[in-house]
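Read through the structure below, which is laid out as structure tokens, and then see the notes.
The values are calculated or read from the model by the stated rules, or taken from the named source; none is laboratory data. Model, not experiment: these values are computed from the prediction. Positions of Cβ are generated from backbone atoms using ideal geometry, with glycine treated the same way; all protein chains shown enter the neighbour counts. For accessibility, only protein heavy atoms count, side chains too; no ligands or nucleic acids. Shrake-Rupley method; radii C 1.70, N 1.55, O 1.52, S 1.80 Å.
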Amino acid sequence: MEAIPARARAYVACVALGALLCLLPLPSLHTPWWAVALLAALYAGCEQITRWRALGTFYPVLLAGAFLLPPPAAALVAVPGALLSPVAGRPRTPRRIWRAAELVVAVWAAARVHWELGGRDAVVASDFPYALLPALAAVLAFCLVLSVLDGGILALAERVPVRRAWRGLFLRSLAPIGVHGLAGLMMAVLWRSPYGPFAALLVLLPMCVSAWVFAQYHRERAAHQATIRALVQAVDIKDEYTRGHSERVGQASTMIARELGMDDERVEVLRFAGILHDVGKLGVPTRLLRKDGPLTPEERRVIELHPEYGHEMVRGIAFLGEARAAVLHHHERLDGSGYPYGLVGTQIPECARVVAVADAFDAMTSTRSYRRARPVAVALEELRRCAGAQFDPRMVEALVRALGRHGWRPAVTAGEEPRVTPPADSRLGARR
């Protein structure tokens, strides 16, 4: 317990005490203990499998117990699985106690709500659609209790700021727990049917398959993120004066995309595009990237090859989608004077026009080897001045609106006081 702050230990103790109070009426209950034991064993087995395969927590059995059993008995179902399941990190015993305690309280609350709304009778009679209403209320109670308790432990044990600890927890968990609740209701109805518990167990098979598919998706997504991080770190190491630039361009690209009303999938692609837009600098000699003085025409031509280098590097990464076009075309200009192909107007892909504005904005508001950072207001004024010739006015105004709503904190990317020298070219972004 030494690794856990004192206030977090007190919080866990309070939740554990609450769990004990939920279980206190157990000796006086008249309930089929064989059903409690079977559900508890089933939940423990599912937890072992899902945790071992990194599939996340498996709630259908717990919610089925909440729909079938009195609240204290339903809460007891969670205890063996929570205490025996693997946990990440140390100390393990307090973590297991915490997990068991919060599940006991959450299942008890769900079962209590379900019981009070007459859900048990609706399940026994297979009374649809009425049986859905108590079940929905029970799922909401389960999700709410878990969110409240998890937010508390984040604030106390992980020292997450209070205003951020609970942000989005309930909404993010509602959809997956809702699906688990529907499966739990199906289990409960089949359990009470003439086919008995064996039929109820068949519900778990498609749930296990869907959990496996979901876990595979998250593994693939994690692999994508790792690939991108590796590429960005390589660029940051090579060009120390622009360290952090890629992530900030990704952030600004995301702000523009959201302001334009793009869907979440496309916003994510634009974030990838912003993060990877300069990956082609890996093919540019380091001495040119770190040069303080003006570039010669030959050196400029070498640097202007970086979009093509970058496109060659990422074109085989299928999940990037249109982000690959942004890597290639983010230095094109609406008037046709950009590079590498001199595209004009709408010939330039939309994603590249987004990244071009985000890239120029961060380049101006960050300190470089050849000049100091400009204030945000000055950078926005420069973007507006160049809109129509260099930048898409629609993207510029979207960034202005997004910054007005959310703000921006530009960071100095150099590790020391920058050396200010005249820029090699007064044209915006010539050294990016």
Subject >> Positions within region 332-365 being in contact (Cβ under 8 Å) with a residue 60 or more places away in the chain and either surrounded by fewer than 24 Cβ atoms within 10 Å (Cβ to Cβ) or among the β-branched types (V, I, T) (or both), in sequence order >> reply: V354, V355, V357, A363, M364
**OP:** Any chance you could count how many residues in region 114-147 are open to solvent by 20 Å² or more (accessible area, probe 1.4 Å), over 16 Å from G178 (Cβ atoms), at pLDDT below 90 and of a type outside the set (S, T, N, Q)?
**Re:** 8
Original post:
Here are some conditions: (1) crowded, with 18+ Cβ neighbours inside 10 Å; (2) touching a His at 6+ places or on another chain (Cβ under 7 Å). G283 meets all but one. Which one does it not meet?
Top reply: (1)
Original post:
Right, R95: free of Cβ contacts under 8 Å to residues at least 60 places away in the same chain, in contact with a Gly (Cβ under 8 Å, 6 or more places away or on another chain) and open to solvent by 50 Å² or more (accessible area, probe 1.4 Å) or not?
Top reply: yes
**OP:** Return yes or no: is A402 at pLDDT 90 or above, more than 20 Å from E308 (Cα to Cα) and more than 30 Å from the chain's Cα centre (by Cα)?
**Re:** no
Original post:
What tally of residues in region 1-34 results from selecting those that are under 38 Å from the mean Cα position of the chain (by Cα), touching a residue at least 12 places away in the same chain (Cβ under 8 Å) and not in a loop (DSSP other than H, G, I, E, B)?
Top reply: 11
Subject >> Qualifying position, being open to solvent by 40 Å² or more (accessible area, probe 1.4 Å), farther than 22 Å from L42 by Cβ and at pLDDT below 85, among V162, V209 >> reply: V162
Subject >> Residue match in region 342-357 (condition: closer than 22 Å to R248 by Cβ and either aromatic (F, W, Y) or in contact with a Ser or Thr (Cβ under 7 Å, 6 or more places away or on another chain) (or both)) >> reply: yes
Subject >> Test for V107: is it within 32 Å of the chain's Cα centre (by Cα), of a type in the set (A, V, I, L, M) and assigned to a loop (DSSP other than H, G, I, E, B) >> reply: no
**OP:** Kindly indicate whether G196 is open to solvent by less than 40 Å² (accessible area, probe 1.4 Å) and either in contact with a Lys or Arg (Cβ under 6 Å, 6 or more places away or on another chain) or at pLDDT 80 or above (or both).
**Re:** no
**OP:** Restrict the check to region 312-326 and report whether at least one residue is modelled with pLDDT under 95, open to solvent by less than 20 Å² (accessible area, probe 1.4 Å), under 19 Å from L399 (Cβ atoms) and touching a Pro at 6+ places or on another chain (Cβ under 7 Å).
**Re:** yes
**OP:** Filter region 249-308 down to residues that are charged (D, E, K, R) and touching a Lys or Arg at 6+ places or on another chain (Cβ under 8 Å) and give me whichever is nearest to G321 (Cα to Cα).
**Re:** D278
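This table checks each residue for (1) open to solvent by less than 70 Å² (accessible area, probe 1.4 Å); (2) modelled with pLDDT of 90 or more; (3) farther than 18 Å from A100 by Cβ.
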residue	(1), (2), (3)
P5	yes, no, yes
C14	no, yes, no
G18	yes, yes, no
L23	yes, yes, no
A37	yes, yes, no
A44	yes, no, no
L62	yes, yes, no
L69	yes, yes, no
